[in-house]
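Heads up, the thing below is written out as structure tokens.
Each value in this text was obtained by applying a stated rule to the coordinates, not by laboratory testing. For clarity, every value in this text was computed on a predicted model and none was experimentally measured. With ideal geometry, Cβ positions are generated from the backbone for all residues, glycine too; neighbour counts draw on all protein chains shown.
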Amino acid sequence: MNEHSYTPPLGTGDTADYDRAIRRWTREMRWRRRMIALLGPRLGETVLDIGCGTGSFAVMLKAAAPEVRVVGIDPDAEALAIARAKAEAAGADIDWQRGFARDIGCRSANAVTSSLMFHQVPMAEKRAGLTAMHAALRPGGRLVIADYGRQRGLMRLLFRLTIQRLDGVADTQPNADGVLPDLVRAAGFANVREAGRVHTVTGTISLIAAERSA
């Protein structure tokens, strides 16, 4: 992937409309609050928010845990500009960086988070991104993901009518088939678990938590 080949935050939609769409259609605050609860941020930690998009989770995390260093990473320049403006308005000191998940390198982070990113990238990038996240964590570090997971029944239909129309089928179908937990395990993470599900009019968002072994 390169800066011209990735799927933007809202797929074929306008990035400027992303925040409004997520707020309206995904029960956003429910799963974002669950992410913070699963993360359990601690004094002095560094948290990498990969695929941070327009910065909503990074800003929310910084507000909930001001003592935590938050680094937001995303390849989309327009989304990062929105994120910077949002953080400035909130008085949140966040390190914004442009890049892909696979490029984050070894950073000795305490935790890595990602929300609504993995369903938008090809299988090779899902694997590479998770491998890079594992490498970026120090032993005992935590991973928290909120993304579209296995879709069943009505949720599968809603997912097809909304997310797959915006983001296409090729990259999103593996998520709908439930591949993400197995990919997290294959990247070397331990104690991989689905810690919750949030049903929305766009499909089911799964919360996945894991750790890097000590």
Worksheet entry | Kirkwood Rh, angstrom, region 86-130 [1 / mean 1/r, Cα pairs] | 12.6
Discussion item. Only helices at least 18 Å long along their own axis, judged from Cα atoms, and with Kyte-Doolittle mean hydropathy of 0.5 or greater: name those in the chain from DSSP H.
Written reply: 77-90
Discussion item. Show log10 I(q)/I(0) for the chain at q = 0.11, 0.14, 0.18 Å⁻¹, two decimals, from a solvent-free Debye sum over equal Cα scatterers.
Written reply: -0.45, -0.77, -1.38
Discussion item. If you average 1/r across every pair of different Cα atoms in region 175-214 and take the reciprocal, what Kirkwood value do you get, in Å?
Written reply: 10.9
Worksheet item: Over the chain, what is the percentage of antiparallel beta bridges among all DSSP beta bridges, to the nearest 5?
Response: 45
Practice prompt. Report the calculated FRET efficiency for E78 and R42 (r = Cβ-Cβ distance, R0 = 45 Å), to the nearest 0.05.
Written response: 0.85
Response to the item:
Scoring region 72-176 by relative contact order with C-alpha pairs under 8 Å, at least six apart, yields a percentage of 28
Worksheet entry | Helix-only CD estimate at 222 nm, as mean residue ellipticity for the chain, using -39500 (n - 2.57) per DSSP H run (n ≥ 4) | -10500 deg cm²/dmol
Worksheet entry | Sequence-separation-based contact order of region 15-211, relative, with Cα cut under 8 Å and 6+ spacing, percent | 21
Worksheet item: Which distance in Å, rounded to a whole number, links the C-alpha centroids of region 164-214 and region 74-100?
Response: 25
